[in-house]
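Everything below concerns the one structure shown next.
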2 protein chains.
Amino acid sequence: MDNFNFYSPTEFVFGRGRENECGECVKRYGGSKVLVHYGSQSAVKSGLIDRVRKSLAASDIEFVELGGVQPNPRDTLIYKGIEICKKEGVDFILSVGGGSCIDSSKAIAIGTLYDGDFWDFYGTGKPVEKALPIGTILTIAAAGSEGSGASVVTKEEGMLKRDVGSDKIRPRFSILNPELTTTLPPYQTACGATDIMAHIFERYFTNTKEVEVTDRLCEGLLLTMIKETPRVMKEPDNYEARANIMWAGTVAHNDIVGVGRSQDWSSHVIEHELSGLYDCAHGAGLAVVMPAWMEFAYKHDVMRFAQVATRVWGCEMNFADPEVTALEGIACFRRFLKSIGMPINFEELDAKEEDIPILVEKLGLGDGKKPGFVDLSSADVAEILHIAANATI
Amino acid sequence: MDNFNFYSPTEFVFGRGRENECGECVKRYGGSKVLVHYGSQSAVKSGLIDRVRKSLAASDIEFVELGGVQPNPRDTLIYKGIEICKKEGVDFILSVGGGSCIDSSKAIAIGTLYDGDFWDFYGTGKPVEKALPIGTILTIAAAGSEGSGASVVTKEEGMLKRDVGSDKIRPRFSILNPELTTTLPPYQTACGATDIMAHIFERYFTNTKEVEVTDRLCEGLLLTMIKETPRVMKEPDNYEARANIMWAGTVAHNDIVGVGRSQDWSSHVIEHELSGLYDCAHGAGLAVVMPAWMEFAYKHDVMRFAQVATRVWGCEMNFADPEVTALEGIACFRRFLKSIGMPINFEELDAKEEDIPILVEKLGLGDGKKPGFVDLSSADVAEILHIAANATI
């Protein structure tokens with residue numbers, strides 16, 4: 001196991017009706033003038049935003065509102081948010097939505113307390129020195145942004161998707177009410193589940209030896225997702241299954257199951273180019289990329305792939321030929337994705353194989369390699385994308 | 001799943017040599033005058049306390065020292081610590097030791113900022129309003145106190161063991177260096193492992209339905225303990241096995257695997273009377289009590305016991321008679337405890353069956369019941385203790 005620091009100070013406020021406590025939560029963490037940042041009109045129509053307003057008002061907290069966050073959140077709305085926060089003297093951001101909304105809020109939190117362009121911090125490694133405090137009310141189990149110090153946003157000019165990571169943008173509190181996710185369309189539910197599973201797998205495939213405890217915790221989360229996701233696809237308003245997925249989604253990404261080990265975020269990085277170019281759902285892009293990455297990478301450590309195949313997918317171990325088991329595990333994953341309505345190849349994603357050179361070019365590896373479980377050159381990325389383009393079950 | 005709040009703001013600083021960063025850590029969390037509180041002379045002899053002194057001095061932090069914490073830490077030393085902190089103007093406590101030392105430090109932290117007797121908070125439910133900040137350097141994987149808001153201490157008069165729980169006494173940081181645990185005697189190592197497993201089991205046996213995610217995480221931690229504990233018994237200086245146990249011990253008790261479900265702490269409560277009366281090691285007492293509690297309680301939910309038997313102990317499910325599987329799982333646990341050198345009955349613990357009425361009396365249930373997975377009357381506790389007294393494998 002490698003040395004590590006683990007720090008997850010976010011207070012998670014979980015369960016039915018907890019959004020009605022958002023005013024008290026903001027007050028507890030020192031907010032007095034709030035930007036309520038949200039995405040689609042569904043949050044308004046469902047009455048959620050109204051409940052937020054009532055809770056804030058009941059705690060004597062002033063607020064301004066900014067809706068309209070899109071999936072793959074754009075810099076243009078972020079600049080608008082920063083302007084509002086500066087002008088109105090906002091001292092706390094309450095983000096009501098999914099990963100896109102929370103990531104947008106994090107960017108606004110950084111930009112409000114910075115004299116230059118918030119984009120300076122994205123994809124550059126420039127350390128964030130301060131940010132407004134954030135709270136969240138999560139409406140989709142997926143990104144894990146409610147418990148992480150990460151933010152991914154998109155610059156409209158060139159549709160560049162870049163990220164930043166800092167403890168300064170970890171939410172002070174996150175309200176997780178599984179009821180809020182029961183009205184999600186099936187496709188979005190499945191995209192969220194895929195994203196959660198990717199967060200686990202990208203921690204699981206490691207070159208660090210002797211990581212039994214985090215292996216076992218990752219496997220436990222994957223087993224949960226495999227049991228609960230098909231249930232919510234069939235019964236969208238099954239609170240218990242939604243609750244298990246929601247907590248799994250948070251634990252999957254606050255890094256408690258990924259500490260002390262090398263991780264491999266290649267699938268996420270490659271997918272960001274897909275959703276950057278096609279504006280597809282992040283989870284859908286991952287469903288196409290991740291099994292392809294696995295088929296490309298499994299020979300690097302056949303026994304690790306055999307381990308997940310047997311422990312998680314319930315495959316029989318082929319002791320004479322572990323490679324058979326390893327490949328069967330990957331096939332199980334792709335069949336699972338298909339079964340929950342995810343695309344598994346370029347055609348189903350509305351992507352084009354002939355765009356692969358553009359995707360590789362945008363990733364910007366040049367002659368270099370992206371380090372990871374397996375180091376990837378531009379040619380390797382192209383190969384993974386060709387596997388993804390033509391995948392079948 | 002039940003509604004819950006989860007809050008674990010402690011920064012965990014994990015790995016080789018990390019104790020040398022304790023000065024920086026204290027500074028980061030605002031300490032300027034520290035009480036270094038530790039237990040046995042082994043921390044001094046091993047050079048650990050000297051490394052602590054150097055690190056504090058390098059960060060220009062003043063400190064006073066108080067050693068001598070015993071297992072089942074006593075109020076007498078706590079009063080002494082409080083006196084020192086008040087007199088010397090201590091603003092931060094650095095606890096160097098295991099659960100006893102950390103729990104003693106938490107009591108000092110409460111007592112220093114309270115005008116009355118710190119004991120007022122123990123076993124009474126009186127809420128803690130303030131406490132000095134604490135940091136820890138953990139020297140034994142066991143109690144989980146490094147990541148919890150709990151403290152258990154013993155009043156010498158009558159050897160009363162009582163506890164308190166509050167977010168105010170959660171450590172600001174905890175330094176976990178598995179190297180520090182490699183010199184532990186085998187018996188203490190095994191006691192620690194038993195305590196960790198008890199923390200998991202006491203979350204696992206729940207009456208809350210639909211808790212797949214926390215079930216799976218608990219099972220993952222148990223599988224880790226079952227794999228790694230025998231390794232460290234054979235190879236005490238195996239860093240990797242020590243590291244996996246150490247992180248499992250922390251995750252087992254900061255409640256991330258126990259949220260949203262009823263829990264049952266009967267074994268801990270009953271054991272506290274055993275170690276209170278006989279001053280035996282807490283883990284050793286648990287090894288005797290916990291399987292006995294399981295044999296008493298399993299009929300309440302045979303399938304839950306069959307689940308852990310198959311998923312964790314690798315038992316074959318007996319579909320015709322699940323009770324057989326449930327009992328086989330409990331037998332596996334007791335054989336495991338025996339295999340790592342733990343006592344499994346009163347004789348091996350140096351306890352006396354004729355003392356059972358005294359133990360039951362001290363527990364103080366009277367005509368009431370202790371609520372839990374199974375509600376326990378005084379007669380039930382006596383029955384569990386009789387099972388424990390006479391257990392064999």
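If the condition is being within 14 Å of another protein chain (Cβ to nearest Cβ), in contact with a helix residue (DSSP H, G or I) (Cβ under 7 Å, 6 or more places away or on another chain) and of a type in the set (Gly, Ala, Ser), then segment A:1-56 contributes only A:SER8. For segment A:135-155, the condition of being in a loop (DSSP other than H, G, I, E, B) and of a type in the set (Asp, Glu) holds for none of the residues.
For segment B:274-321, a tally of residues being at positive phi and of a type in the set (S, T, N, Q) returns 0.
Applying the set (1) in contact (Cβ under 8 Å) with a residue 40 or more places away in the chain; (2) surrounded by fewer than 21 Cβ atoms within 10 Å (Cβ to Cβ) to A:TYR114 leaves exactly one unmet item: (1).
When segment A:174-229 is examined, which residues are found to be assigned to a loop (DSSP other than H, G, I, E, B), under 20 Å from A:SER267 (Cα atoms) and within 11 Å of chain B (Cβ to nearest Cβ)?
The one that is assigned to a loop (DSSP other than H, G, I, E, B), under 20 Å from A:SER267 (Cα atoms) and within 11 Å of chain B (Cβ to nearest Cβ): A:THR208.
Counting only helices (runs of 4 or more DSSP H) that fall entirely inside segment A:298-387 and contain at least 1 residues that are over 18 Å from A:CYS218 (Cα atoms) and modelled with pLDDT under 95, the qualifying elements are A:356-363. Whether a residue is farther than 18 Å from A:HIS282 by Cβ and in contact with a His (Cβ under 6 Å, 6 or more places away or on another chain) was assessed, and A:VAL360 does not pass this test. Go through the residues of segment A:67-75 one by one and say whether even a single one is among the polar types (S, T, N, Q), at pLDDT below 95 and surrounded by fewer than 24 Cβ atoms within 10 Å (Cβ to Cβ). The answer is yes; a qualifying residue exists. Which ones in segment A:148-166 are in contact with a Gly (Cβ under 9 Å, 6 or more places away or on another chain), more than 30 Å from A:ARG16 (Cβ to Cβ) and not aliphatic (A, V, I, L, M)? Selection gives A:THR154, A:GLY158, A:LYS161, A:ARG162, A:ASP163, A:GLY165, A:SER166.
Would you say A:SER104 is assigned to a helix (DSSP H, G or I), small (Gly, Ala, Ser) and in contact (Cβ under 8 Å) with a residue 60 or more places away in the chain? For A:SER104, the condition - assigned to a helix (DSSP H, G or I), small (Gly, Ala, Ser) and in contact (Cβ under 8 Å) with a residue 60 or more places away in the chain - is met.
Among the residues of segment A:381-390 satisfying the criterion of being closer than 24 Å to A:ARG203 by Cβ and within 24 Å of the chain's Cα centre (by Cα), which is surrounded by the fewest Cβ atoms within 10 Å (Cβ to Cβ)?
A:ILE387
In segment A:266-279, the residues that are within 12 Å of A:LEU363 (Cβ to Cβ) form Cβ pairs under 6 Å with partners that are among the aliphatic types (A, V, I, L, M) and at pLDDT below 90, at six or more places apart or across chains, as follows: A:GLY276/A:MET159.
With respect to A:ILE393, is the statement that it is surrounded by fewer than 17 Cβ atoms within 10 Å (Cβ to Cβ) and either under 29 Å from A:PRO236 (Cα atoms) or at pLDDT below 95 (or both) true?
Judged against the criteria, A:ILE393 is a match.
Residues checked against (1) crowded, with 24+ Cβ neighbours inside 10 Å; (2) of a type outside the set (Val, Ile, Thr); (3) within 14 Å of chain B (Cβ to nearest Cβ); (4) under 18 Å from the mean Cα position of the chain (by Cα):
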| position | (1), (2), (3), (4) |
| --- | --- |
| A:ALA243 | yes, yes, yes, yes |
| A:TRP247 | yes, yes, yes, yes |
| A:VAL257 | yes, no, yes, yes |
| A:SER267 | yes, yes, no, yes |
| A:ALA284 | yes, yes, no, yes |
| A:GLU295 | no, yes, no, no |
| A:TYR298 | no, yes, no, no |
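Yes/no matrix, rows are residues, columns are (1) hydrophobic (A, V, I, L, M, F, W, C); (2) touching a residue at least 60 places away in the same chain (Cβ under 8 Å); (3) surrounded by fewer than 24 Cβ atoms within 10 Å (Cβ to Cβ):
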| position | (1), (2), (3) |
| --- | --- |
| A:VAL164 | yes, no, no |
| A:LYS168 | no, no, yes |
| A:THR183 | no, yes, yes |
| A:PRO186 | no, yes, yes |
| A:ALA193 | yes, yes, no |
| A:HIS199 | no, no, no |
| A:VAL211 | yes, yes, no |
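Here's the yes/no breakdown for (1) out of contact with any Asp or Glu (no Cβ under 9 Å at 6 or more places or on another chain); (2) of a type in the set (Phe, Trp, Tyr):
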site	(1), (2)
A:ARG311	no, no
A:ASN318	no, no
A:PRO322	yes, no
A:GLU348	yes, no
A:ASP355	yes, no
A:PHE373	no, yes
A:ALA382	yes, no
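The values are calculated or read from the model by the stated rules, or taken from the named source; none is laboratory data. Just so it is clear, the structure is predicted and the values come from calculations on it, not from any experiment. Virtual Cβ from ideal backbone geometry, glycine too; neighbours counted across all protein chains shown.
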